[in-house]
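The values are calculated or read from the model by the stated rules, or taken from the named source; none is laboratory data. In this text, all values refer to a predicted model and were calculated from it rather than measured experimentally. Positions of Cβ are generated from backbone atoms using ideal geometry, with glycine treated the same way; all protein chains shown enter the neighbour counts. Ligands, DNA and RNA are stripped out before the accessible areas are found, and what is left, the full protein with its side chains, is counted by its heavy atoms. Shrake-Rupley method; radii C 1.70, N 1.55, O 1.52, S 1.80 Å.
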Amino acid sequence: MRAFHRHIRLRKACAVLMLLAALLAAAVPAARAADADAAGPGPAVYVIPVRQTIESGLEAFLKRAFREAEEARAEHIVLVINTNGGRLENAQNIGDLVGSSPIPVTAYVESKAFSAGAYIALNADRIVMRPGSSIGAAAMVDAAGNLVDHPKMVSAWAAEMRDAAEASGRDPVIAAAMADPNFRGEIPGLGRDSGGVLTLTAEEAVRVGYADHLAGSVDEVIGWLGLGQRAVVHVEPTPAEKAARVLTRPGVMLLLLIVGVAGIVIEMLVPGFGVPGIVGIAALVLYFFGQYVAGFAGMESVALFVAGIILLVLELFVPSYGILGILGVAGIVGGIATAAYDAGDTVVSLFYAFGAAAVLGAIAGYIFRKRGVWNKFILRESLTSEEGYLPKEARTDLEGRTGTAITPLRPSGVVLIDGERIDAVSEGGFVEPGARVRVARAEGVRVVVKESKDE
(Lines give C-alpha, C1' and ligand atoms only; values in the text may rest on other atoms or scores of the structure.)
Protein backbone atom coordinates (compact mmCIF):
# COMPACT_ATOMS: atom_id res chain seq x y z
CA MET A 1 0.00 0.00 0.00
CA ARG A 2 2.82 2.41 0.81
CA ALA A 3 4.46 1.64 -2.52
CA PHE A 4 1.16 2.40 -4.27
CA HIS A 5 0.79 5.80 -2.55
CA ARG A 6 4.43 6.58 -3.30
CA HIS A 7 3.80 5.82 -6.98
CA ILE A 8 0.76 8.12 -6.99
CA ARG A 9 2.75 10.95 -5.40
CA LEU A 10 5.54 10.50 -7.92
CA ARG A 11 3.12 10.69 -10.84
CA LYS A 12 1.51 13.77 -9.32
CA ALA A 13 4.87 15.46 -8.83
CA CYS A 14 5.96 14.72 -12.39
CA ALA A 15 2.66 16.00 -13.77
CA VAL A 16 3.01 19.31 -11.93
CA LEU A 17 6.61 19.70 -13.08
CA MET A 18 5.69 19.01 -16.69
CA LEU A 19 2.83 21.52 -16.51
CA LEU A 20 5.02 24.26 -15.02
CA ALA A 21 7.79 23.63 -17.53
CA ALA A 22 5.28 23.77 -20.40
CA LEU A 23 3.86 27.06 -19.13
CA LEU A 24 7.34 28.55 -18.81
CA ALA A 25 8.37 27.39 -22.27
CA ALA A 26 5.17 28.46 -24.04
CA ALA A 27 4.36 31.77 -22.38
CA VAL A 28 7.51 33.66 -23.30
CA PRO A 29 7.54 33.14 -27.07
CA ALA A 30 3.85 34.06 -27.18
CA ALA A 31 4.51 37.17 -25.12
CA ARG A 32 7.36 38.30 -27.32
CA ALA A 33 5.41 37.66 -30.51
CA ALA A 34 2.30 39.51 -29.37
CA ASP A 35 3.16 42.71 -31.23
CA ALA A 36 4.96 41.15 -34.19
CA ASP A 37 2.19 42.08 -36.62
CA ALA A 38 1.50 45.54 -35.21
CA ALA A 39 3.18 47.46 -37.99
CA GLY A 40 1.58 47.84 -41.39
CA PRO A 41 3.45 47.97 -44.69
CA GLY A 42 5.73 50.89 -45.54
CA PRO A 43 7.73 53.29 -43.31
CA ALA A 44 6.11 54.11 -39.99
CA VAL A 45 6.65 56.15 -36.87
CA TYR A 46 7.03 54.00 -33.77
CA VAL A 47 5.75 55.56 -30.54
CA ILE A 48 7.28 53.89 -27.47
CA PRO A 49 6.28 54.85 -23.90
CA VAL A 50 8.69 55.39 -21.00
CA ARG A 51 6.08 56.01 -18.32
CA GLN A 52 7.43 54.12 -15.33
CA THR A 53 10.37 53.68 -13.02
CA ILE A 54 13.48 52.85 -14.98
CA GLU A 55 14.51 49.29 -14.16
CA SER A 56 15.41 46.00 -15.83
CA GLY A 57 11.86 45.28 -17.01
CA LEU A 58 11.69 48.59 -18.88
CA GLU A 59 15.10 47.97 -20.41
CA ALA A 60 13.95 44.60 -21.75
CA PHE A 61 10.75 46.14 -23.16
CA LEU A 62 12.65 48.96 -24.92
CA LYS A 63 15.12 46.52 -26.44
CA ARG A 64 12.25 44.53 -27.85
CA ALA A 65 10.48 47.66 -29.12
CA PHE A 66 13.63 49.04 -30.81
CA ARG A 67 14.30 45.66 -32.38
CA GLU A 68 10.79 45.55 -33.82
CA ALA A 69 11.17 49.09 -35.17
CA GLU A 70 14.43 48.14 -36.91
CA GLU A 71 12.94 44.96 -38.36
CA ALA A 72 9.99 46.96 -39.70
CA ARG A 73 12.38 49.60 -41.14
CA ALA A 74 10.63 52.35 -39.19
CA GLU A 75 11.35 55.92 -40.27
CA HIS A 76 11.35 57.46 -36.81
CA ILE A 77 10.99 56.57 -33.12
CA VAL A 78 9.25 58.83 -30.60
CA LEU A 79 9.97 58.06 -26.93
CA VAL A 80 7.19 59.39 -24.70
CA ILE A 81 8.92 60.08 -21.38
CA ASN A 82 7.19 60.59 -18.05
CA THR A 83 9.35 59.22 -15.22
CA ASN A 84 10.96 60.19 -11.96
CA GLY A 85 14.02 58.09 -12.77
CA GLY A 86 15.19 54.72 -11.52
CA ARG A 87 18.21 52.46 -11.58
CA LEU A 88 21.34 54.08 -12.95
CA GLU A 89 22.72 50.92 -14.59
CA ASN A 90 19.50 50.33 -16.53
CA ALA A 91 19.39 53.99 -17.56
CA GLN A 92 22.92 53.76 -18.95
CA ASN A 93 22.01 50.69 -21.00
CA ILE A 94 18.86 52.37 -22.31
CA GLY A 95 20.86 55.50 -23.11
CA ASP A 96 23.30 53.42 -25.16
CA LEU A 97 20.32 51.80 -26.93
CA VAL A 98 18.86 55.20 -27.82
CA GLY A 99 22.17 56.80 -28.78
CA SER A 100 23.24 53.93 -31.03
CA SER A 101 19.90 53.45 -32.76
CA PRO A 102 20.14 53.55 -36.58
CA ILE A 103 16.64 55.05 -36.58
CA PRO A 104 16.33 58.74 -35.57
CA VAL A 105 14.90 59.11 -32.06
CA THR A 106 12.94 62.03 -30.64
CA ALA A 107 12.30 62.19 -26.90
CA TYR A 108 8.92 63.74 -26.06
CA VAL A 109 8.83 64.84 -22.42
CA GLU A 110 5.17 64.43 -21.59
CA SER A 111 5.42 65.56 -17.97
CA LYS A 112 8.67 64.71 -16.16
CA ALA A 113 12.08 63.56 -17.32
CA PHE A 114 13.86 63.49 -13.98
CA SER A 115 17.08 61.80 -12.95
CA ALA A 116 17.73 58.77 -15.18
CA GLY A 117 14.87 59.92 -17.41
CA ALA A 118 16.81 63.09 -18.21
CA TYR A 119 19.83 60.99 -19.17
CA ILE A 120 17.74 58.92 -21.58
CA ALA A 121 16.30 62.08 -23.15
CA LEU A 122 19.76 63.58 -23.62
CA ASN A 123 20.76 60.57 -25.74
CA ALA A 124 17.96 61.24 -28.23
CA ASP A 125 18.54 63.15 -31.46
CA ARG A 126 15.82 65.69 -30.58
CA ILE A 127 13.94 66.66 -27.45
CA VAL A 128 10.38 68.01 -27.62
CA MET A 129 8.64 69.06 -24.43
CA ARG A 130 5.04 69.57 -23.51
CA PRO A 131 4.24 73.01 -22.00
CA GLY A 132 4.41 72.70 -18.22
CA SER A 133 6.78 69.72 -18.29
CA SER A 134 10.25 69.59 -16.68
CA ILE A 135 13.63 67.97 -17.25
CA GLY A 136 16.63 67.57 -14.95
CA ALA A 137 16.98 66.76 -11.23
CA ALA A 138 19.46 64.07 -12.23
CA ALA A 139 21.48 63.80 -9.02
CA MET A 140 22.25 60.25 -7.84
CA VAL A 141 20.20 58.90 -4.92
CA ASP A 142 20.40 55.67 -2.95
CA ALA A 143 17.63 53.13 -2.39
CA ALA A 144 16.19 55.25 0.43
CA GLY A 145 16.01 58.35 -1.79
CA ASN A 146 18.94 60.15 -0.13
CA LEU A 147 21.44 62.08 -2.23
CA VAL A 148 24.70 60.26 -2.95
CA ASP A 149 27.59 62.59 -2.09
CA HIS A 150 30.53 60.28 -2.83
CA PRO A 151 32.85 62.49 -4.93
CA LYS A 152 33.96 59.74 -7.35
CA MET A 153 30.46 58.48 -8.02
CA VAL A 154 29.06 62.00 -8.48
CA SER A 155 31.92 62.92 -10.79
CA ALA A 156 31.48 59.80 -12.91
CA TRP A 157 27.73 60.33 -13.27
CA ALA A 158 28.17 64.01 -14.13
CA ALA A 159 30.66 62.97 -16.82
CA GLU A 160 28.06 60.55 -18.25
CA MET A 161 25.53 63.37 -18.42
CA ARG A 162 28.04 65.73 -20.09
CA ASP A 163 28.98 63.10 -22.69
CA ALA A 164 25.33 62.48 -23.55
CA ALA A 165 24.72 66.22 -23.94
CA GLU A 166 27.79 66.77 -26.10
CA ALA A 167 26.91 63.80 -28.35
CA SER A 168 23.58 65.46 -29.19
CA GLY A 169 25.01 68.98 -29.53
CA ARG A 170 23.80 70.37 -26.19
CA ASP A 171 25.66 72.42 -23.59
CA PRO A 172 27.52 69.97 -21.27
CA VAL A 173 27.66 72.53 -18.43
CA ILE A 174 23.87 72.41 -18.06
CA ALA A 175 23.98 68.59 -18.00
CA ALA A 176 26.61 68.71 -15.23
CA ALA A 177 24.43 71.14 -13.25
CA MET A 178 21.56 68.65 -13.48
CA ALA A 179 23.68 65.81 -12.07
CA ASP A 180 26.04 67.41 -9.53
CA PRO A 181 24.42 68.70 -6.29
CA ASN A 182 27.63 70.60 -5.52
CA PHE A 183 27.65 72.46 -8.85
CA ARG A 184 27.79 76.21 -8.46
CA GLY A 185 27.89 78.68 -11.30
CA GLU A 186 25.80 80.67 -13.72
CA ILE A 187 23.75 78.68 -16.20
CA PRO A 188 24.32 79.92 -19.76
CA GLY A 189 21.14 81.38 -21.20
CA LEU A 190 19.27 81.54 -17.89
CA GLY A 191 21.04 84.42 -16.25
CA ARG A 192 21.01 82.72 -12.84
CA ASP A 193 23.00 80.25 -10.79
CA SER A 194 21.92 76.63 -10.66
CA GLY A 195 21.46 76.72 -6.88
CA GLY A 196 22.25 73.00 -6.67
CA VAL A 197 20.66 70.28 -8.78
CA LEU A 198 19.25 71.95 -11.88
CA THR A 199 15.74 71.38 -13.24
CA LEU A 200 14.53 73.14 -16.38
CA THR A 201 10.98 73.99 -17.28
CA ALA A 202 9.87 73.41 -20.87
CA GLU A 203 10.25 77.10 -21.72
CA GLU A 204 13.72 77.29 -20.10
CA ALA A 205 14.80 74.15 -21.93
CA VAL A 206 13.84 75.73 -25.27
CA ARG A 207 15.64 78.95 -24.34
CA VAL A 208 18.95 77.21 -23.53
CA GLY A 209 18.74 74.80 -26.47
CA TYR A 210 17.93 71.68 -24.50
CA ALA A 211 14.51 71.31 -26.11
CA ASP A 212 13.98 71.74 -29.82
CA HIS A 213 10.26 72.42 -29.74
CA LEU A 214 7.13 72.62 -27.59
CA ALA A 215 4.19 70.37 -28.46
CA GLY A 216 0.95 69.54 -26.70
CA SER A 217 0.66 65.94 -27.92
CA VAL A 218 2.43 63.11 -29.70
CA ASP A 219 0.50 63.92 -32.88
CA GLU A 220 1.88 67.45 -32.79
CA VAL A 221 5.39 66.06 -32.40
CA ILE A 222 4.93 63.82 -35.43
CA GLY A 223 3.51 66.75 -37.41
CA TRP A 224 6.43 68.97 -36.42
CA LEU A 225 8.81 66.23 -37.61
CA GLY A 226 7.07 66.36 -41.02
CA LEU A 227 5.86 62.78 -40.70
CA GLY A 228 2.14 63.47 -40.37
CA GLN A 229 1.30 61.22 -43.33
CA ARG A 230 3.17 58.21 -42.00
CA ALA A 231 1.55 55.25 -40.27
CA VAL A 232 1.86 55.41 -36.50
CA VAL A 233 2.58 52.25 -34.50
CA HIS A 234 2.07 52.46 -30.73
CA VAL A 235 4.20 49.79 -29.06
CA GLU A 236 2.87 48.79 -25.64
CA PRO A 237 4.20 46.29 -23.11
CA THR A 238 2.64 42.84 -23.39
CA PRO A 239 0.93 41.32 -20.31
CA ALA A 240 4.00 39.15 -19.82
CA GLU A 241 6.29 42.20 -19.90
CA LYS A 242 4.05 44.03 -17.43
CA ALA A 243 4.26 41.02 -15.14
CA ALA A 244 8.04 40.88 -15.60
CA ARG A 245 8.34 44.52 -14.48
CA VAL A 246 6.85 43.52 -11.14
CA LEU A 247 8.61 40.17 -10.85
CA THR A 248 12.08 41.62 -11.50
CA ARG A 249 11.89 44.22 -8.74
CA PRO A 250 14.46 43.44 -6.02
CA GLY A 251 11.92 43.18 -3.21
CA VAL A 252 9.60 40.92 -5.19
CA MET A 253 12.52 38.76 -6.33
CA LEU A 254 13.65 38.26 -2.73
CA LEU A 255 10.12 37.37 -1.63
CA LEU A 256 9.77 34.82 -4.43
CA LEU A 257 13.11 33.26 -3.53
CA ILE A 258 12.17 33.00 0.14
CA VAL A 259 8.80 31.42 -0.62
CA GLY A 260 10.34 29.11 -3.23
CA VAL A 261 13.21 27.83 -1.11
CA ALA A 262 11.08 27.60 2.05
CA GLY A 263 8.37 25.66 0.24
CA ILE A 264 10.83 23.08 -1.05
CA VAL A 265 12.60 22.77 2.32
CA ILE A 266 9.31 22.27 4.17
CA GLU A 267 8.20 19.72 1.58
CA MET A 268 11.38 17.72 2.13
CA LEU A 269 11.02 17.87 5.92
CA VAL A 270 7.32 17.01 5.83
CA PRO A 271 7.07 14.86 2.67
CA GLY A 272 3.94 14.17 0.70
CA PHE A 273 4.23 16.72 -2.15
CA GLY A 274 1.47 18.90 -0.82
CA VAL A 275 0.84 22.62 -0.65
CA PRO A 276 4.39 23.71 0.42
CA GLY A 277 6.04 21.95 -2.51
CA ILE A 278 3.58 23.29 -5.09
CA VAL A 279 3.74 26.85 -3.71
CA GLY A 280 7.54 26.73 -3.56
CA ILE A 281 7.94 25.54 -7.14
CA ALA A 282 5.32 28.05 -8.35
CA ALA A 283 7.22 30.91 -6.67
CA LEU A 284 10.48 29.86 -8.32
CA VAL A 285 8.79 29.51 -11.69
CA LEU A 286 7.40 33.05 -11.33
CA TYR A 287 10.88 34.29 -10.51
CA PHE A 288 12.28 32.51 -13.53
CA PHE A 289 9.45 33.67 -15.77
CA GLY A 290 10.17 37.32 -14.91
CA GLN A 291 13.88 36.93 -15.62
CA TYR A 292 13.17 35.08 -18.87
CA VAL A 293 10.74 37.69 -20.20
CA ALA A 294 13.13 40.46 -19.16
CA GLY A 295 15.76 38.82 -21.36
CA PHE A 296 18.23 37.85 -18.62
CA ALA A 297 17.62 34.08 -18.51
CA GLY A 298 18.60 31.76 -21.35
CA MET A 299 17.47 28.23 -22.04
CA GLU A 300 20.59 26.86 -20.34
CA SER A 301 19.50 28.53 -17.09
CA VAL A 302 15.98 27.17 -17.49
CA ALA A 303 17.34 23.66 -18.10
CA LEU A 304 19.59 23.85 -15.04
CA PHE A 305 16.73 25.09 -12.89
CA VAL A 306 14.26 22.41 -14.07
CA ALA A 307 16.90 19.68 -13.63
CA GLY A 308 17.46 20.83 -10.06
CA ILE A 309 13.72 20.68 -9.30
CA ILE A 310 13.46 17.18 -10.80
CA LEU A 311 16.41 15.96 -8.72
CA LEU A 312 14.84 17.36 -5.55
CA VAL A 313 11.55 15.62 -6.32
CA LEU A 314 13.38 12.35 -6.97
CA GLU A 315 15.10 12.72 -3.60
CA LEU A 316 11.67 12.33 -1.98
CA PHE A 317 11.13 8.94 -3.60
CA VAL A 318 14.53 7.43 -4.39
CA PRO A 319 17.01 6.63 -1.55
CA SER A 320 20.26 8.37 -2.48
CA TYR A 321 21.76 9.29 0.89
CA GLY A 322 21.21 12.96 0.05
CA ILE A 323 23.20 12.95 -3.21
CA LEU A 324 20.20 13.78 -5.39
CA GLY A 325 19.14 16.48 -2.95
CA ILE A 326 22.57 18.14 -2.99
CA LEU A 327 22.71 18.03 -6.80
CA GLY A 328 19.16 19.40 -6.94
CA VAL A 329 20.00 22.35 -4.70
CA ALA A 330 23.14 23.05 -6.75
CA GLY A 331 21.07 23.00 -9.94
CA ILE A 332 18.46 25.40 -8.56
CA VAL A 333 21.07 27.82 -7.20
CA GLY A 334 23.03 27.71 -10.45
CA GLY A 335 19.92 28.24 -12.54
CA ILE A 336 18.69 31.16 -10.43
CA ALA A 337 22.09 32.86 -10.31
CA THR A 338 22.79 32.56 -14.04
CA ALA A 339 19.29 33.77 -14.91
CA ALA A 340 19.51 37.01 -12.94
CA TYR A 341 20.48 40.43 -14.19
CA ASP A 342 23.09 40.72 -11.42
CA ALA A 343 24.36 37.30 -10.32
CA GLY A 344 26.20 38.76 -7.32
CA ASP A 345 23.11 40.46 -5.87
CA THR A 346 21.07 37.35 -6.55
CA VAL A 347 23.50 35.09 -4.67
CA VAL A 348 23.27 37.47 -1.68
CA SER A 349 19.47 37.33 -1.94
CA LEU A 350 19.69 33.54 -2.01
CA PHE A 351 21.62 33.56 1.26
CA TYR A 352 18.83 35.63 2.82
CA ALA A 353 16.28 33.28 1.29
CA PHE A 354 18.02 30.18 2.66
CA GLY A 355 18.22 31.81 6.09
CA ALA A 356 14.52 32.64 6.10
CA ALA A 357 13.72 29.20 4.71
CA ALA A 358 15.71 27.56 7.52
CA VAL A 359 13.65 29.42 10.11
CA LEU A 360 10.33 28.61 8.41
CA GLY A 361 11.42 25.01 7.88
CA ALA A 362 12.35 24.65 11.56
CA ILE A 363 8.92 25.98 12.58
CA ALA A 364 7.14 23.65 10.16
CA GLY A 365 9.33 20.73 11.25
CA TYR A 366 8.40 21.34 14.90
CA ILE A 367 4.69 21.67 14.17
CA PHE A 368 4.64 18.54 12.00
CA ARG A 369 7.37 16.67 13.86
CA LYS A 370 5.32 13.46 13.96
CA ARG A 371 5.32 13.43 10.14
CA GLY A 372 8.89 14.57 9.66
CA VAL A 373 11.40 12.83 7.45
CA TRP A 374 13.44 11.83 10.52
CA ASN A 375 10.65 9.47 11.56
CA LYS A 376 11.89 7.06 8.88
CA PHE A 377 14.65 6.12 11.34
CA ILE A 378 12.42 5.67 14.42
CA LEU A 379 10.10 2.71 15.07
CA ARG A 380 6.96 4.23 16.56
CA GLU A 381 4.54 1.33 16.06
CA SER A 382 3.70 -0.84 19.06
CA LEU A 383 2.76 -4.50 18.64
CA THR A 384 -0.49 -4.42 20.61
CA SER A 385 -3.39 -6.84 20.60
CA GLU A 386 -5.58 -4.00 19.31
CA GLU A 387 -3.40 -3.94 16.18
CA GLY A 388 -3.83 -7.70 15.72
CA TYR A 389 -0.60 -8.86 17.35
CA LEU A 390 -1.35 -11.70 19.83
CA PRO A 391 1.58 -12.66 22.11
CA LYS A 392 2.09 -16.19 23.43
CA GLU A 393 0.51 -17.05 26.76
CA ALA A 394 2.74 -16.38 29.78
CA ARG A 395 4.13 -19.59 31.40
CA THR A 396 3.60 -18.66 35.02
CA ASP A 397 2.52 -22.26 35.64
CA LEU A 398 6.17 -23.33 35.37
CA GLU A 399 7.38 -21.28 38.35
CA GLY A 400 8.94 -23.52 41.06
CA ARG A 401 8.96 -26.65 38.93
CA THR A 402 12.15 -28.61 38.29
CA GLY A 403 13.59 -30.24 35.24
CA THR A 404 16.79 -31.20 33.43
CA ALA A 405 18.99 -29.17 31.09
CA ILE A 406 19.18 -31.08 27.81
CA THR A 407 21.45 -28.52 26.14
CA PRO A 408 24.13 -26.25 27.54
CA LEU A 409 22.74 -22.97 28.91
CA ARG A 410 25.14 -20.12 27.88
CA PRO A 411 22.90 -18.57 29.26
CA SER A 412 20.05 -19.66 26.94
CA GLY A 413 19.22 -23.22 26.03
CA VAL A 414 16.58 -25.93 26.32
CA VAL A 415 15.37 -27.70 29.45
CA LEU A 416 13.04 -30.67 29.87
CA ILE A 417 10.23 -30.23 32.44
CA ASP A 418 7.70 -33.04 32.86
CA GLY A 419 8.46 -34.29 29.37
CA GLU A 420 8.05 -30.79 27.73
CA ARG A 421 10.96 -29.05 26.00
CA ILE A 422 11.11 -25.45 27.19
CA ASP A 423 13.32 -22.62 25.93
CA ALA A 424 14.95 -21.12 28.99
CA VAL A 425 17.57 -18.66 30.18
CA SER A 426 20.02 -19.33 32.99
CA GLU A 427 19.83 -16.91 35.89
CA GLY A 428 23.43 -17.59 36.80
CA GLY A 429 26.35 -18.72 34.72
CA PHE A 430 26.94 -21.73 32.54
CA VAL A 431 24.76 -24.81 33.10
CA GLU A 432 25.97 -28.17 31.77
CA PRO A 433 23.68 -30.62 29.97
CA GLY A 434 22.05 -33.10 32.38
CA ALA A 435 22.13 -30.69 35.33
CA ARG A 436 19.00 -30.32 37.43
CA VAL A 437 17.36 -26.88 37.19
CA ARG A 438 14.49 -25.08 38.87
CA VAL A 439 12.27 -22.41 37.29
CA ALA A 440 12.96 -19.21 39.21
CA ARG A 441 10.37 -17.06 37.42
CA ALA A 442 8.43 -16.71 34.17
CA GLU A 443 8.46 -13.26 32.57
CA GLY A 444 5.85 -13.61 29.85
CA VAL A 445 7.26 -16.15 27.44
CA ARG A 446 10.74 -15.83 28.95
CA VAL A 447 11.49 -18.64 31.39
CA VAL A 448 14.39 -18.06 33.80
CA VAL A 449 15.95 -21.10 35.51
CA LYS A 450 18.77 -21.70 37.95
CA GLU A 451 20.77 -24.80 38.70
CA SER A 452 19.38 -26.88 41.57
CA LYS A 453 22.30 -28.84 43.07
CA ASP A 454 20.29 -30.18 46.02
CA GLU A 455 18.18 -32.40 43.85
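Just one of the numbered conditions (1) of a type outside the set (Val, Ile, Thr); (2) in contact (Cβ under 8 Å) with a residue 12 or more places away in the chain; (3) out of contact with any strand residue (DSSP E or B) (no Cβ under 9 Å at 6 or more places or on another chain) is not true of Asn90: (3).
Just one of the listed residues (Val109, Val98, Val128) is assigned to a helix (DSSP H, G or I) and either modelled with pLDDT of 95 or more or more than 29 Å from the chain's Cα centre (by Cα) (or both), namely Val98.
Checking each residue in region 210-238 for being touching a helix residue (DSSP H, G or I) at 6+ places or on another chain (Cβ under 7 Å) and open to solvent by 10 Å² or more (accessible area, probe 1.4 Å) picks out His213, Leu214, Gly228, Val232, Pro237. Looking at region 35-53, can you tell me whether even one residue there is in a loop (DSSP other than H, G, I, E, B), open to solvent by less than 20 Å² (accessible area, probe 1.4 Å) and modelled with pLDDT under 95? No, region 35-53 has no match at all.
Look at Ala159 and say whether it is assigned to a helix (DSSP H, G or I) and in contact with a Pro (Cβ under 6 Å, 6 or more places away or on another chain). Spelling it out, it is not the case that Ala159 is assigned to a helix (DSSP H, G or I) and in contact with a Pro (Cβ under 6 Å, 6 or more places away or on another chain).
Against the condition surrounded by fewer than 18 Cβ atoms within 10 Å (Cβ to Cβ), at pLDDT 80 or above and in contact with a strand residue (DSSP E or B) (Cβ under 8 Å, 6 or more places away or on another chain), how does Val252 come out, does it pass?
It is false that Val252 is surrounded by fewer than 18 Cβ atoms within 10 Å (Cβ to Cβ), at pLDDT 80 or above and in contact with a strand residue (DSSP E or B) (Cβ under 8 Å, 6 or more places away or on another chain).
Taking each residue of region 414-432 that is within 16 Å of Ala394 (Cβ to Cβ) and looking for partners that are open to solvent by 50 Å² or more (accessible area, probe 1.4 Å) and in a strand (DSSP E or B) with beta-carbon atoms closer than 8 Å, six or more apart or interchain, yields Ile422/Leu416; Asp423/Ser412; Ala424/Ser412; Val425/Ser412; Val425/Arg446.
Quick one: would you say Phe114 is open to solvent by 30 Å² or more (accessible area, probe 1.4 Å), more than 24 Å from His76 (Cβ to Cβ), at pLDDT below 90 and among the aromatic types (Phe, Trp, Tyr)? Before you say what the answer is, go through the steps one by one.
Details: open to solvent by 30 Å² or more (accessible area, probe 1.4 Å): yes; more than 24 Å from His76 (Cβ to Cβ): yes; at pLDDT below 90: no; among the aromatic types (Phe, Trp, Tyr): yes.
Criteria not met by Phe114.
Only one entry of Asp212, Asp219 meets the criterion of being acidic (Asp, Glu), in contact with a Lys or Arg (Cβ under 6 Å, 6 or more places away or on another chain) and modelled with pLDDT of 75 or more, and that entry is Asp212.
Across region 174-205, the number of residues qualifying as open to solvent by 60 Å² or more (accessible area, probe 1.4 Å) and either part of a helix (DSSP H, G or I) or touching a helix residue (DSSP H, G or I) at 6+ places or on another chain (Cβ under 6 Å) (or both) comes to 1.
Of the residues making up region 65-86, those that are open to solvent by 50 Å² or more (accessible area, probe 1.4 Å) and in a loop (DSSP other than H, G, I, E, B) are Arg73, Glu75, Asn84. Here Glu89 fulfils each of the conditions (1) surrounded by fewer than 24 Cβ atoms within 10 Å (Cβ to Cβ); (2) outside any helix (DSSP H, G or I); (3) out of contact with any Lys or Arg (no Cβ under 7 Å at 6 or more places or on another chain); (4) not aliphatic (A, V, I, L, M) apart from (2).
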